[in-house]
Structure formats: structure tokens, C-alpha cells
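Below is one structure, written out as C-alpha cells; comments come after it.
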Amino acid sequence: MARIDLVDLAHSYGGDTYALKPMTMTWRQGGAYALLGPSGCGKTTLLNIISGIVTPSHGKVLFDGKDITNASTRERNIAQVFQFPVIYDTMTVGENLAFPLKNRGLARDVIGKRVKEIAELLDLTPYLDRKAVRLSPDAKQKISLGRGLVRSDVAAVLFDEPLTVIDPHLKWELRSKLKALHQALDLTMIYVTHDQTEALTFADTVVVMHDGAVVQSGTPEELFARPAHTFVGYFIGSPGMNIVPADVKGNEARIDGHTIRLNRTYDSLPIGAKIEIGVRPEFVEVAAPAPGLLSAKIERIDDLGRVRFARVRIGDVKFAAKVPNDFSVPGNTAGLVFDPAHIHVYADSLLIEGRA
Ligand code: ATP
């Protein structure tokens, strides 16, 4: 296991465009991290820089304080699990799991013990003597996961969208299993995904990337409660946070000619910045229209099974609000009630602290 530091790291594949914008950050020894963001935001580039597949065009990578920026993947002692199974079809499941340990010259009894342990954790024990070739894609990917986890001396285990080939009904089980495996094995794990459910289930710390930059790193609760960037608010949560242009002065925000009270005071917002307020659908109540409430047009109600969301419109701005199952208001006009404790103010997409 290692602590991993990225120091002034950036990467361009050529020309003036940067797949990764300058970043400095630390990945704690033994942490369970998810690297979350949409396609093309730079997740794989960052993972490949950590593993040594890509050499960064700027900055350094340190493992336990040692500069390994130019070291090979093998020298870094990293295990990697990819989207698709990387296994030997002609070997048995047991031989596949043992391979990374044999490669490192470990004693037979040590290998046997560890293979047994990993097979048990991944429910692969009944298949240990079976040839991998005849197994389902799910089982093959479990073997891949096992091969990634079998060495206890690795600096980190990197997962790149590892559940892509897994059957949807098994995904939930494997997601939870990976979390349990992290607790049992005490390895530094970095899990790349564009799927917020996978990230939030697996990780203690979720690192959100947008357009080549890390926009926030925090616990799932922190990302939900205090998004540091409007992108995090929008990307985490289903539906995401409502983000509305507003005119903010002191402890008031004006939207569409209506004043909303804020819990904090904003004295000196950057001049010329785009000012928005963000509020999650869970903290907006849809009531009957009344004087003093922000008026909105109800467009539809989305029934997501256990929860329902009203989709409303304030002028040109679309808005979502969680509503009770027996929700009804007369007509299609409503009044919105905001919980001031959960309203955030953003200037050019970045969270502004405000004064208590
Ligand atoms: P995905 O989930 O689609 O793989 P990602 O978040 O992992 O996306 P990257 O694959 O790291 O993102 O890509 C980041 C940016 O770098 C993209 O604009 C991509 O087109 C570009 N890129 C990635 N690999 C290369 C390469 N080998 N050469 C040139 N540009 C590349």
C-alpha cells in the first residue's frame, strides 16, 4: 500500500489542449476512492498516469514520497482491473488467481492460502478447479477482480469501470462486495466510473472530475450536502441540484422578481461573475400558490417508484422538487417554498461560503 501524491500534475496528449488541467492532490494509504465523471473528463488519463501507462507531460507522481513519474507499471507495483476480463481461458480459476503471485516468485503454500482467501471473498471457491473458458462473462470478470486483489503487497489497486460487463442484477451485489473487500483487505483502491451509484456505494472519498479538472473531493454526504461546484450539484443526485440564475445581495436572492431569504450573508460577490443559487429537489416544497411564494408552472410529475418529483418551470428555468406520493395542487400553478439552510450561492460555478 502507498500514499500517492500528484504534484502540479497536468497532461496534454499534444497541442494546446489539456486532457488533465493542473492538479495537486493526495490519495491516502488504504483509502477507497472513486474517480467519478462523465465520458471524456480525463478519468482514464489520470488512472493511467498513476499506473504508469501514460507519462504526464507536466508534474510529478510520488508513491510514499518517492518520485516514480518515469517508473514502469511493474516497478510501481500496481494491480489494475479493466472493463473487460483479462484472464487465461486455458487455465483453471485457481491457476488464474495464483498467476500474479507465481509471477512474483511467492512460495507455494503462501500462494495456496491467499488464493483460497480471495476465492472465498468473491464466491469463486466452487469453481477453483474449473477451466475459465466455460464460465460466464460475470464469472470471468470476478476472476479478473480476484487477480487484481490477490497480491497484498501492491501500492494500489486501480479499477477502470470494472462492472461494465456485469449483468445489471449482479451489479448491486458486486458493488457491495467490492466495498467489503476493501475493508477486509486494507488496500488503497481507486475505482473509475461514470456511474454515481457505483461511486457512492464503493468509495469513502469520491473525486469528481469535470472537463479535465478535479472539481471536488469528499465523502458522498459532503458531495450531496455542499457541492463545491455547480457541476457536482448537477451530476450527483437523481435528479441533480436545481441551479438558477439569481441576483444575490446580503442575505437575499432575487429570482424572477421574487425574494428568497438565505441563511448566510453574501457581501462581496465577485463583480461581473455569473451568480446562481443551487438547491436540491429534496429541499423545495411545492405548495398551493400564495402571496410571498415563488410562483412556478407545473409541467409534469415523474414517478420514480418510491419517490415522485414535480417538474416545474420558473420563467425559462426548469426546476425539480420532491413531492409526496399523494401530492396535488389545484391547477398547474404552484408556489415554491425553499429551505434556506440548503440554498447555496455560486459565482462562476464555484461555491461561495458567505458569512454566518
Ligand atoms: P471515458 O469514460 O470515455 O474513457 P474519460 O473520462 O476516461 O472518458 P479520457 O479517456 O481520459 O476520459 O479522455 C480525456 C480526453 O483526452 C478526451 O478528450 C480524449 O479524447 C482525450 N484522449 C484520451 N486518450 C487520448 C490519446 N491517446 N490521444 C489523444 N487524446 C486522447
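Structure notes:
Per-residue answers, yes or no, for (1) under 17 Å from T333 (Cα atoms); (2) touching a residue at least 12 places away in the same chain (Cβ under 8 Å); (3) assigned to a loop (DSSP other than H, G, I, E, B):
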residue: T259; (1), (2), (3): no, no, no
residue: L262; (1), (2), (3): no, yes, no
residue: T265; (1), (2), (3): no, yes, no
residue: I271; (1), (2), (3): no, no, yes
residue: E276; (1), (2), (3): no, yes, no
residue: A296; (1), (2), (3): yes, yes, no
residue: E299; (1), (2), (3): yes, yes, no
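- Residue in region 158-175 that is out of contact with any Lys or Arg (no Cβ under 7 Å at 6 or more places or on another chain), at positive phi, within 16 Å of the ligand (Cβ to nearest atom) and part of a loop (DSSP other than H, G, I, E, B) present: yes
- Residues in region 203-217 that are closer than 21 Å to T45 by Cα and out of contact with any Cys (no Cβ under 7 Å at 6 or more places or on another chain): 10 in all.
- Applying a threshold of 6 Å to beta carbon distances and a minimum spacing of six or more residues, or different chains, the list of pairs starting in region 186-211 at a residue that is among the small types (G, A, S) and ending at one that is assigned to a strand (DSSP E or B) reads A199/A34; A199/L36; A199/T193; A199/V206; A203/A32; A203/Y33; A203/A34.
- Of the residues making up region 1-47, those that are surrounded by 18 or more Cβ atoms within 10 Å (Cβ to Cβ), away from the ligand (no atom under 13 Å from the Cβ) and not in a strand (DSSP E or B) are M1, A2, G31.
- Per-region count, region 14-37, residues over 29 Å from Q183 (Cβ atoms) and in contact (Cβ under 8 Å) with a residue 40 or more places away in the chain: 4
- Positions within region 221-234 being of a type in the set (S, T, Y) and surrounded by 19 or more Cβ atoms within 10 Å (Cβ to Cβ), in sequence order: T230
- For the residues V115, V150, V93, V86, the requirement of being open to solvent by 70 Å² or more (accessible area, probe 1.4 Å) and touching a helix residue (DSSP H, G or I) at 6+ places or on another chain (Cβ under 6 Å) singles out V86.
- Among the residues of this structure, K179 does not count as one that is open to solvent by 10 Å² or more (accessible area, probe 1.4 Å), basic (K, R) and more than 30 Å from D64 (Cβ to Cβ).
- Failed item, numbered, when H344 is tested on (1) open to solvent by less than 50 Å² (accessible area, probe 1.4 Å); (2) touching a Gly at 6+ places or on another chain (Cβ under 7 Å); (3) over 19 Å from R226 (Cα atoms): (3)
- The lone exception for R130 - which of (1) touching a helix residue (DSSP H, G or I) at 6+ places or on another chain (Cβ under 8 Å); (2) modelled with pLDDT under 95; (3) open to solvent by 20 Å² or more (accessible area, probe 1.4 Å) it fails: (2)
- Count of region 198-235 residues which are part of a helix (DSSP H, G or I), within 16 Å of the ligand (Cβ to nearest atom) and more than 24 Å from A341 (Cα to Cα): 2
- When each of H210, H169 is tested for being open to solvent by 60 Å² or more (accessible area, probe 1.4 Å), assigned by TED's automatic domain parsing to the domain that holds T45 and at pLDDT 95 or above, the lone residue that passes is H210.
- Selection from region 176-196 of residues that are outside any loop (DSSP other than H, G, I, E, B) and within 16 Å of the ligand (Cβ to nearest atom): I190, Y191, V192, T193, Q196
- Filter pass, G218 being within 28 Å of K21 (Cα to Cα), surrounded by fewer than 16 Cβ atoms within 10 Å (Cβ to Cβ) and without any contact (Cβ under 8 Å) to a residue 24 or more places away in the chain: no
- Any hit, region 75-92, residues being part of a helix (DSSP H, G or I), in the same structural domain as D167 (by TED's automatic domain parsing) and of a type in the set (A, V, I, L, M, F, W, C): no
The values are calculated or read from the model by the stated rules, or taken from the named source; none is laboratory data. What you are looking at is a predicted structure, and each value in this text was computed from that prediction instead of being measured. Note: ideal-geometry Cβ built from the backbone for every residue, glycine included; neighbour counts use all protein chains shown. Ligands, DNA and RNA are excluded from the accessible area calculation, which covers all protein heavy atoms including side chains. Shrake-Rupley method; radii C 1.70, N 1.55, O 1.52, S 1.80 Å.
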